[in-house]
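Since the structure comes first, as structure tokens, the remarks are kept for the end.
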Amino acid sequence: MVDSSILEGAKQPDILRLLNAGNFELILEQQRSTPKQRWRLFGFLKKDSVSPAGFAYYILLACLTGTLKPNEYTRVYNLDFHRDFIGELNELFRMLLCLENFRNAPHFEEVLAATLVECIRNGAVHIEESANGYPKNPINAKVWMDGAELRCLADKLIEYFKRKSNDRNELEVLFLKAKVTCAIMAHYPESVGPDMNALALKFEKLGETKNAKRYYTPVVNDFTSLVDGTEENLSQPNPEVFENEISIVQSLIDALEGLDRLGEQIDHSLLEKSKETLQKVKDLLKR
């Protein structure tokens with residue numbers, strides 16, 4: 001039986017139930033016999049047309065018929081970034097979870113997971129190109145919201161790849177999430193720091209030391225002054241602290257410890273001082 005949380009918000013829950021049960025032939029039969037869905041598989045589909053089925057269900061049909069190639073998914077149907085493409089990707093992720101629950105169709109599951117990575121890659125490029133140099137310049141509200149939601153979807157896919165012990169795809173989605181974060185949240189260090197460190201840590205675990213240092217180092221460079229500011233604030237009478245300062249100070253600690261593990265020379269006094277600062281912030285927030 002399909003988990004109710006997977007069906008929440010689904011466009012076609014009945015199809016997801018069939019997918020969760022492995023009733024692939026029934027899914028194909030139903031979709032092919034429903035005229036209003038107008039299922040088509042190849043490039044003669046008009047890219048700007050709107051279908052009741054939507055992007056996710058065209059991709060599903062192509063997957064179940066063995067015609068879907070993840071890096072060529074646009075030959076089946078294009079994502080329309082001017083519409084609710086996040087909703088379509090969330091629907092595709094629901095399908096992936098259904099296949100994961102079914103367990104007996106690993107090939108379909110792998111193809112759908114790889115396609116989601118490609119979709120997130122294209123979505124990240126779209127967000128980066130449409131960000132208009134934000135925050136220096138204004139950003140379209142839809143672009144910002146789509147980017148924020150794409151980060152959430154990336155988190156879910158990262159957890160999926162962790163369950164599968166698929167390090168390479170996990171790494172790729174971590175990178176894409178960080179790309180989106182830097183495009184729309186560069187002025188939110190409490191988001192940038194953890195994303196950069198998560199990517200660095202994954203590189204570190206994979207033995208890619210040079211790449212790990214590449215992401216730890218800018219966190220140390222950029223966050224040292226931020227933590228200095230927090231420390232200066234704490235020295236004032238009755239300092240006011242905020243929840244996001246925990247993430248900022250922790251990011252500096254994690255980056256310093258990461259570089260230390262990798263044999264880089266670090267400022268150990270800065271590390272110890274940052275740990276003390278973190279504890280002070282936590283203690284004040286408890287009051």
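Karplus-derived 3J(HN,Hα) values for the stretch 132-141, using 6.51 cos²θ - 1.76 cosθ + 1.60 with θ = phi - 60°, are 6, x, 4, x, 5, 10, x, 10, 4, 4 Hz; glycine and proline are entered as x.
Note on the stretch 135-186: with charges restricted to the Cβ of Lys and Arg (+1) and Asp and Glu (-1), its dipole about the Cα centre is near 40 debye. Suppose R0 equals 41 Å; then what is the FRET efficiency for Ser5 and Lys275 from their Cβ-Cβ distance, rounded to the nearest 0.05? Step by step, r from the Cβ atoms, then E = 0.65. Computed over the stretch 122-259, the percent of Cα pairs more than 17 Å apart is 63.
Calculate the length of the line joining the C-alpha centroid of the stretch 69-90 to that of the stretch 201-222, in whole Å. The stretch 69-90 and the stretch 201-222 have Cα centres separated by 32 Å. Per residue, the accessible area of the stretch 134-287 comes to 53 Å², computed with a 1.4 Å probe over protein heavy atoms only. Net charge dipole, the chain: roughly 1120 debye, given to the nearest 20, about the Cα centre with Cβ charges of +1 for Lys and Arg and -1 for Asp and Glu. Against the criterion of solvent-accessible heavy-atom surface with a 1.4 angstrom probe, Ile266, Ile27 sort, most first, into Ile266, Ile27. Judged by the gyration tensor of its Cα atoms, with axes a ≥ b ≥ c, the stretch 63-175 is prolate; a/c meets the 1.5 cut and a/b is the larger of a/b and b/c. Within the set [x] 1.18; [y] 1.24; [z] 1.01, the number that Cα Rg over 2.2 N^0.38 Å takes when calculated for this structure is listed as [x]. Here the stretch 229-287 and the stretch 98-150 have alpha carbon centers that stand 32 Å from each other.
The values are calculated or read from the model by the stated rules, or taken from the named source; none is laboratory data. None of these values were measured; they are calculated from a predicted model. Glycine gets a Cβ as well: all are built from the backbone with ideal geometry, and neighbour counts include every protein chain shown. Heads up: the accessible areas ignore ligands, DNA and RNA and are worked out on the full protein's heavy atoms, side chains in. Shrake-Rupley method; radii C 1.70, N 1.55, O 1.52, S 1.80 Å.
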